[in-house]
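Participant: Attaching a single structure in structure tokens format; questions to follow.
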Amino acid sequence: MEKEMEHTTPKGLQPKQAGQLTNWQKGEIRKRLQKQVTVNSMLERKIEGQEASEKKFPFTKPLMNEVYVLNALFELNEPMPHNATLKIFNTIGKALVRYELEEGQYFQKVNITSTTRYPSGMYYWTLPINGFSYTGRFYICAITDVKKLTR
């Protein structure tokens, strides 16, 4: 099991505050991180096709383009109908981590405090449910980058 690196809190920003960003902070972080990355066109096409389909999106979280600092929460509207693998990718399409979700499971918490595994940037996720692979995009902002990206 990989050990997560410890993180430090920027001076003047308490951990509880860091996980609860304002909408303005999220917008500023998202805008600055978007400028720093090249999107993955294959995964973006999946998202576009999914948005155009009539399939009901089964997630309450994460919302598309959500910004996370300490933990990302993947939450379903209904329990998983079968075992499946949630995969998180970087923008070049490399799977960084896999989480095995079991039948009946409603959510998966992802600890994103490791800046080695999750540096600030844009990420994608996929989760197959009943023969359809759902894909989404979210942003991670390392706690040490919050103040720098919201100036």
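Participant: Of the listed pairs 46/147; 35/109; 94/147; 46/94; 46/148; 87/147, which have alpha-carbon separations greater than 25 Å here?
Facilitator: 46/147; 35/109; 94/147; 46/148; 87/147
Participant: For labels at residue 20 and residue 109 in the simple 7 Å Cα→Cβ model, what's the distance in nm?
Facilitator: 1.6
Participant: Given points 7 Å out from each Cα along the Cα-Cβ axis, report the residue 41 to residue 75 separation in nanometres with one decimal.
Facilitator: In this crude spin-label approximation the distance works out to 3.7 nm.
Participant: Something else: How high is the relative contact order of the range 15-149? Use alpha-carbon pairs under 8 Å, at least six apart in sequence, and give a whole percent.
Facilitator: With pairs under 8 Å counted, the relative contact order is 29 percent.
Participant: Here is a follow-up. If you take the square roots of the eigenvalues of the alpha-carbon gyration tensor of the range 15-149 and sort them as a ≥ b ≥ c, do you get rounded (a/c under 1.5), prolate (a/b over b/c) or oblate?
Facilitator: prolate
Participant: Can you find, among 104, 118, 60, the residue farthest towards the positive end of the dipole of the range 15-149? Put +1 on the C-beta of Lys and Arg, -1 on that of Asp and Glu.
Facilitator: Among 104, 118, 60, the one farthest towards the positive end of the dipole of the range 15-149 is 118.
Quick note: the coordinates plus some simple rules give every number you see, no bench work behind them. Small disclaimer: the values here were computed from a predicted structure and weren't measured. Reconstructed Cβ throughout: ideal geometry from the backbone, glycine too, with neighbour counts over all protein chains shown.
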